[in-house]
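Working notes for the structure below.
The values are calculated or read from the model by the stated rules, or taken from the named source; none is laboratory data. The structure displayed is predicted, hence computed values, not measured ones. Note that we place each Cβ from the backbone using ideal geometry, even for glycine, and neighbour counts take in every protein chain shown. Calculation scope for accessible area: heavy atoms of the full protein, side chains included, ligands and nucleic acids excluded. Shrake-Rupley method; radii C 1.70, N 1.55, O 1.52, S 1.80 Å.
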Amino acid sequence: MNEPLILGIETSCDETGVGIVRGQTLLADAIASSVEEHARFGGVVPEVASRAHLEAMVPTIRRACETAGIKPTDVDAVAVTSGPGLAGALLVGVAAAKGLALSLDKPLYGVNHLAAHVAVDTLEHGDLPKGCVAMLVSGGHSSLLAVEDITDGVQPMGSTIDDAAGEAFDKVARVLGLPFPGGPYIDKAARDGGDRLYVTFPRGLTSQRDLERHRFDFSFSGLKTAVARWVEARRRDGEDVPVNHVAAAFQEAVCDVLTRKAIDACKDRGFEHLLIGGGVAANSRLRAMAEERCSAAGIAVRVPRPGLCTDNGAMVAALGSELVRAGKAPSPLGLPADSSMPITEVLNK
Amino acid sequence: MLLAFDTSSAAVTVALADPVSGEILASSTTVDALRHGELLAPAIASALSAAGCTPRDLTRIAVGVGPGPFTGLRVGLVTARTMADVLGIEVAGVCSLDILARQSSLALPVAVATDARRKEIYWALYDGPAADGSRRRLEGPAVDKPADVAQVLSGLPVIGRGAVLYADALQAEASDLEYPSAEVLAAGVATGTLEVVAPEPLYLRRPDVTMSGGPKSVLPK
Ligand SMILES: [Zn+2]
């Protein structure tokens, strides 16, 4: 049998993504981003994102089909992020996917954005391991998930109790006078001679007492405040702020907690694979530290290339493809956009 | 076959019509302000199957472009655009207030006022009907507080949900024409008696943005 040809649509935040895959082969990953429109506000403005999705949708679908060298009528199924995410933004993608599925008379799969971040790795490294811990870290999420079979669902092990990891990067970048989104700029500042040990910033939820209740949870709010406090005190005393050192020390604190807890989660489940996804997975220090610590612990790390870690349509198509290959029943045309779709739900029925 | 729908109001309204005569073959309207995204596609599928058609039989799509609350409005527009693009057919946009004006059978100039939320209305003024039933828009569409435009609208029959919600402020008698009708949209586009525009949303408002200031102080004062 020919592998299914899947078109996936992603609009949960500020990227309009349309990806096309055949089986586990990536054919196209077209993206239109409204990030520049949000940059001056220091965060994503939902209505601005929704308007941009509407304008970008048809051109992005066309671009994806051209790149893949297919006609929309060739598609076997349409997959779309139906949650979680910004309600108004999700709705544009879901309505577009329905318009396609309806016009083409093809099945529709409303899928979970977080599960799609996991499934995207099939495009880079083939079938997912039979059991793995997935750590998703981005501006919107910071979760540890246990994944046995992605098409059956994932089990949440822990998540942030306040800010997402990527959010902490954005906020600290702002404190340091670096642009939005903060992740890449902090990474670069740290690499440009930053001393990771210059200051020791707090590691959230790692004390013995916290571990009892929050073994696999994260907290980055205290860290963010500690950095802001440190910087502000320096400025108040009329001293220079060593941006590179602060960036490196902050990044070290984030990566330390993330990798420690991820490895602990693998050990807890007896899994020998750690998969990292989400925009923060592009962080060079996180990749290096995960490699180093996991190899010492006998755990294999899988991280898709940076372009697949951030939000995109390919990840949605990848998950759709796994669901089709597993023979899962599609979603109804009445599929809602569910901004708070639970992580345990991979497919919206 | 002409497919018409409008999601600019609390109603999701869909009609399938003969593209030349405008004769209605199937239609439905459901009022539920929070579920445009869920209701529209199944309503289109039902209309198609009720008329014994498939999407490939569609030759044109007509869609209301608002003004209307943004989230629902976009559902109609993105559905029209994606369907038309893959089917290789044209989308005719129509100002949703024009559809309502066309619904009035009064042989008089009329005003249209719809619910813009935040205690405001979307409104427009129309001439009396021509022989073919078409009406010329004289003013609008615009968005304002009812009290601020009561003067402009005074003395005219006011059509649309806004007239129901703000009957007192507008000193208007509420009409029973509250929401745009896809049947009227389909017939008007088929017969060329509704003005066709590009399928671009009429938001009439800038997006709400809360500008974030500089970082807040975290040091104890
Ligand atoms: Zn994401």
Cα-based Rg / Dmax (Å) for the stretch A:1-155: 15.5, 50
Which one, A:ALA119, A:ALA95, A:GLY238, is farthest towards the positive end of the dipole of chain A when Lys and Arg carry +1 and Asp and Glu -1 on their Cβ? A:GLY238
Cross-link pairs A:LYS71/A:LYS328; A:LYS130/A:LYS328; A:LYS98/A:LYS130; A:LYS188/A:LYS224 - those with Cα-Cα distance over 21 Å: A:LYS71/A:LYS328; A:LYS98/A:LYS130
How large is the charge dipole for chain B, taken about the Cα centre, if only the Cβ atoms of Lys, Arg (+1) and Asp, Glu (-1) carry charge, to the nearest 20 debye? 940 debye
Once normalised by the length of chain B, the mean sequence separation of its alpha carbon contacts under 8 Å that are 6 or more apart gives a contact order in percent of 24 percent
What is the distance in Å between the Cα centres of the stretch A:284-341 and the stretch A:215-270? 25 Å
Euclidean distance between Cα centres, the stretch A:105-153 to the stretch B:85-159, Å: 48 Å
What number comes out for accessible area per residue over the protein assembly as shown if the probe is 1.4 Å? Units Å², please. 39 Å²
I need the Debye-formula profile for the stretch A:1-63: one equal scatterer per C-alpha, no solvent, reported as log10 I(q)/I(0) at q = 0.13, 0.25, 0.29 1/Å, two decimals. -0.40, -0.96, -1.14
For the stretch B:116-205, the percent of all C-alpha pairs falling in each 5 Å bin, from 0 up to the bin holding the max distance, is 3, 12, 20, 25, 20, 14, 5, 1
5 angstrom amide H check on B:ALA116, placed H, neighbours 5+ away: B:ILE121, B:TYR122
Between the DSSP loop rule and a limit of at most 12 other Cβ atoms within 10 Å, which GluC sites (Glu not before Pro) in the stretch B:103-203 are left? B:GLU173
What is the mean number of Cβ atoms from other protein chains located within 10 Å of the Cβ atom of each residue in peptide A:86-96, rounded to a whole number? 5
What is the magnitude of the charge dipole of the stretch A:259-332 about its Cα centre, with +1 placed on the Cβ of each Lys and Arg, -1 on the Cβ of each Asp and Glu, and no other charges, expressed in debye to the nearest 20? 40 debye
Tell me, what is the Rg over Rh of the stretch A:198-272, with Rh the Kirkwood radius over Cα pairs? 1.10
Using a simple charge model, +1 on the beta-carbon of Lys and Arg, -1 on the beta-carbon of Asp and Glu, nothing else, what dipole does the stretch A:1-129 show about its Cα centre, in debye to the nearest 20? 340 debye
Estimate for me the total accessible surface buried between chains A and B (protein heavy atoms, probe 1.4 Å, no ligands or nucleic acids), in Å² to the nearest 100. 3200 Å²
Report relative contact order for chain A in percent, whole number only (criteria: Cα-Cα under 8 Å, sequence separation at least 6). 26 percent
Could you sort A:175-186, A:232-243 so that the peptide with the highest average Cβ count within 10 Å comes first and the rest follow in order? A:175-186, A:232-243
Could you work out how far helix A:46-68 tilts from the main Cα principal axis of chain A, as a 0 to 90 degree angle to the nearest 10? 60 degrees
Of B:ALA116, B:ALA130, B:LEU170, whose Cα points farthest to the positive end of the dipole of the stretch B:97-170 (charges on the beta-carbon: +1 Lys, Arg; -1 Asp, Glu; origin at the Cα centre)? B:ALA116
Can you compute 3J(HN,Hα) from phi for each residue in the stretch A:326-335, using the Karplus curve 6.51 cos²θ - 1.76 cosθ + 1.60 with θ = phi - 60°, rounded to whole Hz and x for Gly and Pro? 7, x, 6, 6, x, 7, x, 5, x, 2
Return the Rg/Rh ratio of the stretch A:33-87 with Cα-based radii and a Kirkwood Rh. 1.06
Spelling out what I want: for every residue of the stretch A:276-283, take phi, set θ = phi - 60°, compute 6.51 cos²θ - 1.76 cosθ + 1.60 (Karplus), and round to whole Hz; glycine and proline get x. 10, x, x, x, 5, 5, 6, 5
Considering only protein heavy atoms and a probe of 1.4 Å, how much of the accessible area of the protein assembly as shown is carbon and sulfur, as a whole percent? 50 percent
May I ask for the Kirkwood hydrodynamic radius of chain B, worked out over all distinct Cα pairs and given in angstroms to one decimal? 17.9 Å
Projected convex hull area of the stretch A:133-242, Cα atoms, direction-averaged, in nm², equals 8.5 nm²
Protection-proxy order for peptides A:304-311, B:98-105, each taking the mean of Cβ atoms within 10 Å per residue, highest first: B:98-105, A:304-311
Along the charge dipole of the stretch A:132-303, pointing to its positive end and built from +1/-1 on Cβ of Lys, Arg, Asp and Glu, which listed residue (A:LEU223, A:LEU136, A:SER295) has its Cα farthest out? A:LEU223
Just counting partner chain Cβ atoms within 10 Å, what average do the residues of peptide B:67-79 show around their Cβ? 5
In Å and on Cα atoms, what radius of gyration and Dmax does the stretch A:259-349 show? 16.1, 49
Compactness ratio of the protein assembly as shown: Cα Rg over 2.2 N^0.38 Å, N = residue count? 1.08
Averaged over its residues, how many other protein chain Cβ atoms are within 10 Å of peptide A:233-239's Cβ atoms? 1
Helix-only mean residue ellipticity at 222 nm, the protein assembly as shown, DSSP H runs n ≥ 4 weighted -39,500 (n - 2.57), per residue, nearest 500. What is it? -12000 deg cm²/dmol
With a 10 Å radius around each residue's Cβ, average the other Cβ atoms per peptide and rank A:324-335, B:13-24, highest first. B:13-24, A:324-335
